[in-house]
Structures are given as structure tokens and as C-alpha cells.
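Every read-out reported here was derived from the displayed coordinates using simple, explicitly stated rules and does not represent laboratory data. Owing to the predicted nature of the structure, the values given are computational and were not obtained by experimental measurement. Cβ sites come from the backbone with ideal geometry, for glycine too, and all protein chains shown count toward neighbours.
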Amino acid sequence: MRKVIVQKFGGTSVADTEKIKNVAKTVIREKNNGNDVVVVVSAMGHTTDHLVKMAHDINPNPSSREMDMLLSTGECVSIALLTMAIQAQGHKAVSFNASQIGILTENVHSKARIVDIKTEKLKKNLDEGNIIVVAGFQGVTEDGEITTLGRGGSDTSAVALAAALNAERCDIYTDVEGVYTTDPRVVPNASRLDIVSYEEMLELAHAGANVLHPRSVETAKQYSVPLRVRSSFKLDNMGTLIVGVEQMEINKPVTGVAADSSQVRIVVCEVPDTPGEAATLFTCLAKENVSVDMIIQSYARKESKTNDIAFTVTKEDLPKTLEVLEVVKKKLNAGDIKIDEDISKVSIIGAGMIDRPGIASTMFQTLADAGINIKMISTSEIKISCLINKEDDTKAVKALHDVFQLGCDEVAEVKGTLPDV
Ligand code: ADP
Ligand code: ASP
Ligand code: MG
């Protein structure tokens, strides 16, 4: 029986027609190995950022339904062009958007979760010898509404397709040579990891290492999809393999460092110190689909019987959060609401920190030595995050990368450019 390989190419890999022709060669090479190939592509270059900018030039607060209508078009351009490139090189290929296949998602705009993928059409077309090219990042609801999976979501489209088709593996081709100990744009001598566990990768992705969309890692772990991140420009490099933690030998306490400046901190002051107040606050936010990351409730003031609740949400969710808080504030009889937008979360991640004391204190001391103030702290079994001022995040990442000895002697090659919008 033939094996199914899913390949995903990000924006930089399909940024212009020459690059698309090269991607076609990579795809055909896999097909010529005797495999069935399903390819997922992102929008070309910085297309999605340009579409977002156009929308905001026209309407500062565009509806999320129309944003999904707009943003989903980027991937439709690249699937058609890549399919034409494969056909021009003499191979059978066909492109599909999410609606044509039935990549079903929940009925939520801008960050929908995939709930099911219909495989009949895919299997039929593979059986007919076609290479299949699928639009990443998009889905469709039961009612036929177009949705998107959140920025960077094409990775998740690829892994979900790999799971649905029981693929042999899912290869994520991108503009760096794999997963590094930190963003190689920030620390050029970051080391490439040969292998990393799903658990660590999930924490890294959530902590801001946007080389993989967090939900892609979650899905890969859930369905045990062998996942590889590799360079679309250096095809012979094997990149980074992401596997179950049991397959790993852990010798360092910290595997990687990440920073995320996409969040804002909100403080709801003087919340009455009675049972159910925090539940009311966070239930109202959850009903509006706002995900909250770090949460701190201060020690209750004896005199006023109130405490302050601080939490972080993404900048994207800030307008919705403020709308909710206007209502909740009255319900709770709380005080002022303070917003801090110039923050960044720096995190260290490593399965090796379990049962190894002193890792947190080393992190805090390193930040202190660099003159960096910590505003909030949160931890999981394999992660410690500190909220700091945004202006300090590069300094913090470099210092932490150094202190945990994660660097190497080589300089990493990064192909893509940052968006100019
Ligand atoms: P694509 O368009 O291929 O999906 P992305 O821009 O989404 O590419 O992801 C690749 C980028 O992720 C890299 O160029 C790099 O700057 C960034 N990145 C952040 N953290 C890491 C990390 N730990 N390892 C590798 N790349 C990282
Ligand atoms: N094109 C979308 C984005 O830029 C999805 C992706 O590239 O994964 O976020
Ligand atoms: Mg990406």
C-alpha cells in the first residue's frame, strides 16, 4: 500500500512564482518516491498581513466574519498557482479549498478549531494519481460559513489532514532549518534541536515560538502524527523531529527560550473578596471566546475586603475583553480597570527541569542581574514564564539563552523577512 505524506509550505516558501516552481519540484520528488502526497500551503509571502492592513484602513473594527472571508482568499491564490506549477512539470495535481473538501470547524470566526475532516474526496483523488494541494488556515462550518484557524494556522491544517489520512508523517517546510533553542532572528547562534518532545514543543509554541502553530502540536500529540520541521531551501537537512517525551534522552534542564509580545495585561482593581467573583469574571470572558493566559489574584486587603485580579489576553482580544469588563465591573462592583500594552512574556521550557531545583531561581536572578523587573510569574511542570516590560524582551531572551548554555558556534540561516506592514 502507498503511504500518504503531508507536506506544508509556509508563506516565505511560496513568496513568488520562482519559489512556487521550486516547491513543485520538492512535492514531485516526494511523489516520485512512490508516496501519495497531500500539500498544504499558506498565502504567498506577507499576503495575510497586507490583507489585515487593508481591512483596518477601511474599518478599524472589522467584523470577524468578513475578516475570515478576506483572509481565506490568500491561501486560495497559492493553491491554484502551486497546482499549475506541478501540472507544468508534467504531474497530475488538483487544488481544493476547505469547503470543497469539508474541513469542518466550530462555528467561531478568526480562531476556529477543526472538528472533522471529510476524506472521501481526498482518497478518491489520491487513488486517481493526483497530488492534492489544499488551502491551509481555513475551514468551513456545518452551515457553509468560511472560518480561519488563527494566524499561523496552516500548520494545524497540515497536521489535522495528516491525522485524518493516517499519514506516514507530516513535514512542515519553513524558512529556518528546524526548531531552535530560541528564535534565531533574536539569537543568531541559537542551536537547532535534532529532536524535541510534543510536550516541550507545545509549551514553546504557546510561549511565542511561532515556528509551529500551538494547535498543530496539540493535534500531532493527540493522534501521534510524526512531525518534522525542516527548511524548504535546504532539502537534504533533516530539520527537527517532534516525538513523544518517552523517546527522548533528557540531559539539559532547559530546552528552549521564547518570548511573546502579543499579549496585554489587564488589572481589575478592588474586586470584593467573596466566593464566586473570579468565577463570574472568567466565565463572562470565556462566553465571548476570550482565552486568558496568566492570572494572578493579589492577597486580600483586610480593610476593604477586596483584592486585585490581574490577567493577560491577546492584543487581538482586547476590544472584546474591554466590552465584557464594562458589564462585569458593574456586576462585581469592582474598581478601576488598568491596561498595560507594553509587556512581553519570556519563558524557559524543558522537560529536564522536573525535579531539578534551582531553575526558577536562576531565571529570576538572571533577569535581576540584567536589571529587568518581573511583573507576573506563572509555571507549569516544564515551563516558567515571567511577564516583563516589552523593551526588555530581547535582552531577557539573550541572557536566559546564555545562562542555560543553549548556544552553539554556528550562525543560523533565516530566509524570510519580517512583514513591512
Ligand atoms: P512559515 O511562514 O513557514 O509558517 P513562520 O514565520 O510562521 O514561517 O515560522 C518560522 C519563523 O519562526 C522563523 O523564521 C523564526 O523567526 C521564528 N521562530 C520563533 N521561534 C523559533 C524557534 N524556537 N525555532 C525556529 N524558529 C523560530
Ligand atoms: N496565512 C496565514 C498567516 O499568515 C496562515 C499561515 O501562514 O499559517 O497567518
Ligand atoms: Mg507559520
Problem set entry | Estimated translational D of the range 251-329 in µm²/s (Stokes, Kirkwood radius over Cα pairs; 25 °C; 0.890 mPa s) | 175 µm²/s
For this session: Based on the mean of other Cβ atoms within 10 Å per residue, sort peptides 371-384, 158-171, 135-148 so the most packed one is first.
Result: 158-171, 135-148, 371-384
Exercise. In whole Å, what is the distance between the alpha-carbon centres of the range 276-324 and the range 208-261?
Worked result: 32 Å
Exercise. Using a cut-off of 20 Å between alpha-carbon atoms, which lysines can reach Lys19, once sequence neighbours fewer than 8 places away in the same chain are excluded?
Worked result: Lys8, Lys31, Lys92, Lys234, Lys415
Seminar exercise, completed: Computed, not fitted: 222 nm per-residue ellipticity of the chain from DSSP H runs ≥ 4 (each -39500 (n - 2.57)), nearest 500, equal to -10500 deg cm²/dmol
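Can you tell me the FRET efficiency between Thr280 and Asp409 if r is taken as the Cβ-Cβ distance and R0 is 60 Å, rounded to the nearest 0.05?
Numbers: r = 54 Å, r/R0 = 0.91.
That pair, Thr280 with Asp409, gives E of 0.65.
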Problem set entry | Taking Ile28, Ile20 and counting other C-beta atoms within 10 Å, the order from fewest to most | Ile28, Ile20
Exercise. How far apart, in nm, are the 7 Å Cα→Cβ label points at Glu18 and Ser298?
Worked result: 5.8 nm
Problem set entry | the range 345-383 and the range 29-46: distance between their alpha carbon centers, rounded to Å | 39 Å
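Measure up Lys111/Lys331; Lys345/Lys395; Lys315/Lys390; Lys111/Lys338 against 18 Å on the Cα-Cα distance and list the ones that go over. The partial results should precede the final answer.
Details: Lys111/Lys331 28 Å; Lys345/Lys395 12 Å; Lys315/Lys390 13 Å; Lys111/Lys338 26 Å.
Pairs exceeding 18 Å: Lys111/Lys331; Lys111/Lys338.
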Exercise. Taking R0 as 60 Å, what's the FRET efficiency between Ala368 and Glu66 from their Cβ-Cβ distance, rounded to 0.05?
Worked result: 0.80
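To make sure I understand, if each residue's beta carbon is the centre and we count other beta carbons within 10 Å, what order do Thr240, Thr274, Thr306 fall in, fewest to most? Walk me through the intermediate numbers first.
Details: Thr240 23, Thr274 9, Thr306 20.
The fewest-first ordering by Cβ neighbours comes to Thr274, Thr306, Thr240.
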For this session: Can you quote the Å³ per residue value for the convex hull of the Cα atoms in the range 1-155, rounded to an integer?
Result: 97 Å³
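Could you rank the peptides 310-320, 287-297 by their average count of other C-beta atoms within 10 Å per residue, with the highest value first?
Details: 310-320: 17.7, 287-297: 15.1.
Put in order of decreasing packing, that is 310-320, 287-297.
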Problem set entry | Length-normalised contact order of the chain in % [C-alpha pairs under 8 Å, at least 6 apart] | 15 percent
Seminar exercise, completed: quick note, the chain, DSSP beta bridge pairs, % antiparallel (nearest 5) is 60 percent
Problem set entry | Alpha-carbon radius of gyration plus Dmax, which is the widest Cα pair, for the chain in Å | 22.5, 79
